[in-house]
Each structure stands twice: as structure tokens, then as C-alpha cells.
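The values are calculated or read from the model by the stated rules, or taken from the named source; none is laboratory data. Keep in mind the model is a prediction, meaning the values are calculated, not measured. Because the Cβ atoms are built from the backbone with ideal geometry, glycine has one as well, and the counts that use them run over all protein chains shown. Remember, those area values only see protein heavy atoms, side chains included, never the ligands or the DNA or RNA. Shrake-Rupley method; radii C 1.70, N 1.55, O 1.52, S 1.80 Å.
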Amino acid sequence: MALGKLRLGVNIDHVATVRNARGSAYPDPVRAALMAQEAGADGITAHLREDRRHIGDSDIDRLVAALRIPLNFEMAATPEMQAIALRHRPHAVCIVPEKREERTTEGGLEVARQENQLAHFIAPLRDAGCRVSIFIAADRSQVEAAHRIGAQVIELHTGAYCDAHHDGHFADRDAELARLREMAEFADSLGLEVHAGHGLTYETVAPVAAFPQVKELNIGHFLIGEAIFRGLPASMAEMRRLMDEARDPRVQP
Ligand code: PXP
């Protein structure tokens, strides 16, 4: 399979986390999004959580108005979020599980056990022209269910792989990576577009970027953290370099 260019979606949620820590107007996540756009991001991802702990409604309004590149609107499967998405009709929506007490999106969406509800939930979003993505663990039954409900895209949750790597549990990391690879291949064989993300860093990005079926990575926390030291364009440029290198046939192992 020819390895096309891998898209980099930059998640700017944690610029808003810093802003909200002081209840101030800065740093502005929309400014970060425009800077990322200028620096070559292929898309911007923002997660409007039920508790608005980082991105707020007016951030979404401003992102929709300001961006030239696609917005990937991450949201829980709730009527409130569906109404917001239908009002804005972003390029993409990514349906994620959400628990109030979690620090971040801890696992993938349980699609298999709520297939009918989710099929009804995403139908109007698809009809409105949004590309619907479902954030799931690398699990065959979830991939099959995402396909059955009519999603166009799955985003594979890379958190378990990244956690195992950073904790030094390399056997677990390799097992997680094998699972991700297998599910990327399986989803692609069903005609789903495959994305991946969560927890990716300079150390962990290359093996996932090398999967030929993966078309887009969504990366936030690490890039925004690294931007404190290097600035956002340089933080992104290094990620871009590692992604491109991983797909370069001349440097494949
Ligand atoms: N993809 C999805 C669906 C997510 O929920 C998140 C976290 O908001 C990310 C990607 C980005 O993860 P991280 O911020 O750890 O890079």
C-alpha cells in the first residue's frame, strides 16, 4: 500500500486548560489554533466537555469563524452536544466517551452495547455533512459495531500503548501496538477511515505513524506542553518530521 501523507490534527484543549486555571482571557486557544494552522496543521481538534473544563462554547464559535482548515469537534453523545454540532456543522465530529470524574478520555467508546442509540445519534450529524468518527479501543467488536452504525471513521485510542511505553513495560507496549496494527488493518478492510490518537509523544509516534492504514493523528497534550519550551511551530515541526520519517519507504526497517 502506498503511504500517503499522514495528516496532523492539533488538539488545542490544553491551552484553554491553562487559561481557565486563572479564569483569565489568556492564553487564547483560538490564537494557538491559528498559529497551528499557520505552522501547517492539517486540522484543529477541540473537545467541548459537558463541564466546560477547558474549551468553552465561545471558543467553538470563534474557531468555526476563524479557521480555514477543518475543525474536528470532539463531543460526547448527548443531545446538548448534538445540537451544538448541528448548529455549527463542523467538518468532522468525533464521538468520545465522557465521565465527569476522569482527568482525560480514559477509554474508547462502548459502541457495541449501545448500537441502536448511537446509530440514531450520528445519523443527523452525517446528514448535516459532518464526517463522523468514533473514538474506540483497538477491539474487534468495537470496530465492527462502529462500522454497523454507519460511522465513516474510527479513531483508535493509543493511550494504553503510550502508557505502557512510558512506564517501561515494553512487552505490554508491543502487545498494544500489535493490537492497534491489527485493528487498523481490520477497520481499513471494512472501508472505515482510520485515525489514531491520545497520549502520543515524540517517543511513541513513529510506530503508529508507520501503519499504512492510518490517515490522521490527533495530538494535543504533548505538543502544547512542548510548546512551552520550543514554541508551538517548532513543537509541531518535530512531530511532523517524525511522522513523515516513519512513512518514508527509504527509512523503513
Ligand atoms: N483523540 C481523542 C479522541 C481525544 O479525546 C484526545 C484527547 O482529548 C486526543 C486525541 C489527544 O490526546 P492527547 O491530548 O493526549 O494528545
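A few comments on the model shown:
- Cα→Cβ-extended label distance, 7 Å offset, between Glu185 and Ala237, nm: 3.7
- Label point distance in nm, Ala65-Tyr202, each placed 7 Å from Cα along Cα→Cβ: 3.7
- Around the Cα centre of the range 63-107, unit charges on the Cβ atoms of Lys, Arg, Asp and Glu (plus for the first two, minus for the last two) sum to a dipole of about 260 debye.
- Largest-first ellipsoid semi-axes for the range 146-253, taking √(5λ) over the Cα gyration tensor eigenvalues, angstrom: 23, 16, 15
- Net charge dipole size for the chain [Lys, Arg +1 and Asp, Glu -1 on Cβ; Debye, nearest 20]: 680
- Under the Karplus curve 6.51 cos²θ - 1.76 cosθ + 1.60, θ = phi - 60°, whole-Hz ³J(HN,Hα) for the range 11-21, x wherever Gly or Pro sits: 8, 9, 3, 7, 5, 5, 4, 5, 4, 6, 4
- Against the criterion of solvent-accessible heavy-atom surface with a 1.4 angstrom probe, Thr45, Thr104 sort, most first, into Thr104, Thr45.
- Kirkwood-based shape ratio for the chain, expressed as Rg/Rh from alpha carbons: 0.94
- Prolate/oblate/rounded label for the range 48-166 (Cα gyration tensor, a/c 1.5): oblate
- Convex hull volume per residue in cubic angstrom - Cα atoms of the range 66-110: 100
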